[in-house]
Amino acid sequence: MTSALSIPTDWVRVRAPGKVNLSLRAGPPGPDGYHPVVTVYQAVSLYEDIVATLDDGITVSVTLAGGQADTVPTDESNLAVRAARLLADHAGITDGAHLHIDKRVPVAGGMAGGSADAAGTLVALDELWGTGASRDDLLELAALLGADVPFALVGHTAVGTGRGDVLTPAMAVGEFHWVFAIAAEGLSTPEVFDTLDTLRAGDDVGPPDPEPDIDLMHALRTGDPHGLGAAVHNDLQGAAVHLRPALERTIATAHDAGALGVVVSGSGPTVAALGRNRAHAQVIAASLTLAGVAERVVTATAPVPGAQLIC
Ligand code: C5P
């Protein structure tokens, strides 16, 4: 890290948020296999903590909230390792780094934890290696790594189009209080998109309306959790529930606990429930925990910034 006095150090720490899709509408897949989407992302205060240290080669180690760190690959397929290699190639860097990732965002949970790792790695290594990459450079590299990676850099609330990687900031007032019911086992994003196509077979489905939901955007602009709860929507929800029928009970439990809105996050299986305020979110969390419908239940506030250097 380069401090205000420009004293270089050999390690940096970055925090990168997970996300919830407040709305996600998807059309039929294009020739590249990707589905055109119009989605409204919100970054939530559930973070990946990444410490990057100068080292030989590029290596990664992982600790995970709730255990099971061995479910995350630490080889070349790890998205943070791929982000490090991409940045090194782009900037002509021959230095290496060790990345330690302390994960809080569920693995394969539809909350873009891997994308947060990649975005956080770009920010960390840009600083550690002094690559001098611009913000736009980092956003371009992020889009090469995955559809959700640019949003993990930008954070706050934004509309995503294209694959979800073309971002427009959205105005949101105030703080929203979320509860996340995290499943023991993740879902594969490609499998959920494939299931959506199968369930839609024979339907006349066009590309998604390029304008994000009017009611939802109004609720964000006015900081109205009731309006937001009523407007949350996810085209992938039916596919996620089809693959994981137990989610129906999780969703029903959150509704019974008085959540203002309940939606599967991204490709799932995490279920997001919106509370009226912090105390109400805790009541919903307690109901979900008592009902035994999730492996882990956490509360989080939103929106929060994208990947940020902490020290
Ligand atoms: O971009 P990312 O690697 O996160 O996407 C994982 C997979 O999810 C893609 O290979 C594709 O099968 C599916 N996907 C999609 N349409 C999107 C985003 C992802 O079909 N807009």
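Based on protein heavy atoms only, region 14-83 ends up with 38 Å² per residue of surface accessible to a 1.4 Å probe.
Classify region 175-217 from the C-alpha gyration tensor, please: rounded if a/c falls under 1.5, else prolate or oblate depending on whether a/b exceeds b/c. The shape class here is oblate. When a 1.4 Å probe is rolled over the protein heavy atoms, the share of accessible surface on the chain that falls to carbon and sulfur comes to 53 percent.
From most to least packed by mean Cβ count within 10 Å, the peptides 200-212, 298-310 give 298-310, 200-212. The alpha-carbon atoms of the chain, seen along their principal axes, cover 54, 44, 38 angstrom, with the largest extent given first. At the listed q of 0.17, 0.18 Å⁻¹, the Debye profile of region 92-249, built from one uniform point per Cα, gives log10 I(q)/I(0) equal to -1.27, -1.37. Residues in region 43-83, backbone N under 16 Å from the label point at ASP137 (7 Å along the Cα-to-beta-carbon vector): list them, ranges by number please. Once the point is set 7 Å along Cα→Cβ of ASP137, 83 turn out to lie under 16 Å by backbone N, inside region 43-83.
Rounded is the label for region 248-304. Its Cα gyration tensor axes, ordered a ≥ b ≥ c, give a/c under 1.5. Here the simple spin-label model places points 7 Å from the Cα toward Cβ, and for GLU211 and ALA184 these points are separated by 4.7 nm.
3J(HN,Hα) along region 78-92, derived from phi through the Karplus expression 6.51 cos²θ - 1.76 cosθ + 1.60 where θ = phi - 60°, amounts to 4, 5, 5, 5, 5, 5, 4, 5, 5, 5, 4, 4, 4, 9, x Hz, with x in place of Gly and Pro.
Taking the alpha carbon gyration tensor of region 19-61, multiplying each eigenvalue by 5 and rooting it gives semi-axes of 33, 19, 6 Å, largest first. The C-alpha atoms of region 79-124 occupy a region whose extents along the principal axes are 34, 17, 14 Å, arranged from largest to smallest.
3J(HN,Hα) couplings calculated from phi for region 149-161 with the Karplus curve 6.51 cos²θ - 1.76 cosθ + 1.60 (θ = phi - 60°) are, in sequence order, 5, x, 5, 5, 6, 7, x, 6, 10, 8, 8, x, 10 Hz; Gly and Pro show x.
Solvent-accessible surface of region 124-190, taken per residue with a 1.4 Å probe and all protein chains present: 40 Å². Axis of helix 247-256 versus longest Cα principal axis of the chain: the two differ by about 70°, to the nearest ten degrees.
Couplings for region 198-208, taken from phi via the Karplus curve 6.51 cos²θ - 1.76 cosθ + 1.60 with θ = phi - 60°, read 5, 5, 8, 3, x, 6, 8, 10, x, x, x Hz in order; Gly and Pro are left as x. With K and R counted +1 and D and E -1, the other residues having a Cβ less than 14 Å from that of MET217 yield a net charge of -3. In this calculation the C-beta distance from CYS311 to HIS90 is compared with R0 = 22 Å, giving a FRET efficiency of 0.35. For region 159-311, the convex hull spanned by the alpha carbon atoms encloses 142 Å³ per residue.
The values are calculated or read from the model by the stated rules, or taken from the named source; none is laboratory data. The structure presented is a predicted model; accordingly, all values stated were derived computationally and were not measured. Because the Cβ atoms are built from the backbone with ideal geometry, glycine has one as well, and the counts that use them run over all protein chains shown. Ligands, DNA and RNA are stripped out before the accessible areas are found, and what is left, the full protein with its side chains, is counted by its heavy atoms. Shrake-Rupley method; radii C 1.70, N 1.55, O 1.52, S 1.80 Å.
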